[in-house]
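Following: one structure in structure tokens, then a few remarks.
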Amino acid sequence: MVQAKVRLFVDHPLTQGQTVPLDKDQSNYLFAVMRLQIGAFVALFNGVDGEYQAEVTIANKRGGALICHAQSKPLQLPPDLWLIFAPIKKVRTDFIVEKAAEMGAAKIVPVSTNFTNSERIRQDRLQAHALEAAEQCGGTYVPEVTDLQKLDRLLAEWDETRQIMFCDEALVGAAEVLGAVQGDKWAILIGPEGGFSESERQKLHALPYAHPVSLGPRILRADTAAVAAMTVWQQHLGDWS
Ligand code: SAH
């Protein structure tokens with residue numbers, strides 16, 4: 001079978017023989033931008049059924065349809081890892097969401113902290129970034145991006161069986177401790193450009209399920225820290241090894 005060059009997320013059930021209608025934006029993308037014609041193949045995924053190779057049966061710029069052939073990938077869920085971060089400038093926040101989706105976060109949780117620079121996010125736009133990242137990286141799962149919430153509130157309602165890899169810039173240069181900690185459910189916590197406040201730091205250090213970690217001898221920008229922390233976590237505890 002021809003392997004599709006284009007991957008597309010569709011909000012529709014996928015199974016062999018299933019017809020999948022396309023909306024206007026999807027049709028415009030496939031038939032006007034990518035110039036696909038009837039008979040072309042597209043890889044479809046919906047976040048739950050894996051990936052299917054689908055053939056174009058109707059190709060109008062305002063609407064189209066595909067029919068699913070064989071499944072080309074089963075659903076592959078990421079490890080149960082959340083990325084919690086304080087939003088920074090728009091482009092850097094977009095970067096964090098995109099990289100978190102590529103690197104295998106199950107959920108992306110923006111939080112406001114004492115020194116958070118940005119008090120608002122566009123959740124729908126960030127979710128769209130996560131979806132695009134999944135399309136591009138061959139993923140079959142799209143992490144949910146939650147709405148902005150207060151870190152205090154999130155910690156107050158915390159499931160104590162979920163460990164926190166607390167990236168604490170105050171530990172810059174200290175040896176990192178992650179290797180010894182066990183647990184299936186995790187969250188990485190990254191602060192804003194201004195770092196964590198002393199009261200936040202004290203509170204986090206007192207939580208038995210929060211593990212303060214250093215990311216090396218240099219202070220990283222929040223977006224770099226998010227990628228570095230996910231790399232370390234995936235290598236030690238995730239689906240890389
Ligand atoms: N303004 C702060 C730095 C904040 S960096 C200062 O000068 O101290 C943004 C976030 O990245 C931090 O809150 C932390 O979560 C993470 N981070 C950056 N470098 C780090 C390091 N070396 N160790 C642990 N966490 C780090």
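The values are calculated or read from the model by the stated rules, or taken from the named source; none is laboratory data. Because the structure is a prediction, the values reported are computed rather than measured. Quick reminder, even Gly has a Cβ in these numbers, built from the backbone with ideal geometry, and neighbours come from all protein chains shown.
Any chance the range 134-156 includes a residue that's in contact with a His (Cβ under 9 Å, 6 or more places away or on another chain), buried (at least 21 other Cβ atoms within 10 Å of the Cβ) and in the same structural domain as VAL227 (by TED's automatic domain parsing)?
At the first step, the residues of the range 134-156 found to be in contact with a His (Cβ under 9 Å, 6 or more places away or on another chain) are 145.
After this cut, where a residue has to be buried (at least 21 other Cβ atoms within 10 Å of the Cβ) as well, the list is 145.
From the residues that got through so far, the ones that are in the same structural domain as VAL227 (by TED's automatic domain parsing) too are 145.
Yes.
Looking at the range 9-17, can you tell me whether even one residue there is buried (at least 19 other Cβ atoms within 10 Å of the Cβ) and over 14 Å from THR140 (Cα atoms)?
Checked the range 9-17: no residue is buried (at least 19 other Cβ atoms within 10 Å of the Cβ) and over 14 Å from THR140 (Cα atoms).
Of all residues being in a helix (DSSP H, G or I) and surrounded by fewer than 13 Cβ atoms within 10 Å (Cβ to Cβ) in the range 171-204, which is nearest to the ligand (Cβ to nearest atom)? Just the residue, please.
GLU198
What tally of residues in the range 212-241 results from selecting those that are surrounded by 16 or more Cβ atoms within 10 Å (Cβ to Cβ), over 19 Å from LYS107 (Cα atoms) and either at pLDDT 95 or above or more than 7 Å from the ligand (Cβ to nearest atom) (or both)?
Selection size over the range 212-241: 2.
Of everything in the range 101-116 that's hydrophobic (A, V, I, L, M, F, W, C) and part of a helix (DSSP H, G or I), which residue is nearest to the chain's Cα centre (by Cα)?
Looking only at the range 101-116, we keep the residues that are hydrophobic (A, V, I, L, M, F, W, C), and these are 101, 103, 105-106, 108-109, 111, 115.
If we keep only those that are part of a helix (DSSP H, G or I) too, we end up with 101, 103.
Details: ALA101: 3, MET103: 7 Å.
Restricting to residues being hydrophobic (A, V, I, L, M, F, W, C) and part of a helix (DSSP H, G or I), the top hit is ALA101.
Out of all the residues in the range 117-133, which are among the polar types (S, T, N, Q) and either assigned to a helix (DSSP H, G or I) or buried (at least 20 other Cβ atoms within 10 Å of the Cβ) (or both)? Walk me through how you get there before you give the answer.
Filtering the range 117-133 down to residues among the polar types (S, T, N, Q) leaves 117-118, 123, 127.
Within the range 117-133, GLN123, GLN127 meet the criteria.
Restricting the range 181-211 to residues that are touching a Lys or Arg at 6+ places or on another chain (Cβ under 8 Å) and under 14 Å from ALA86 (Cα atoms), which is modelled with the lowest pLDDT?
By that ranking, first place goes to GLU193.
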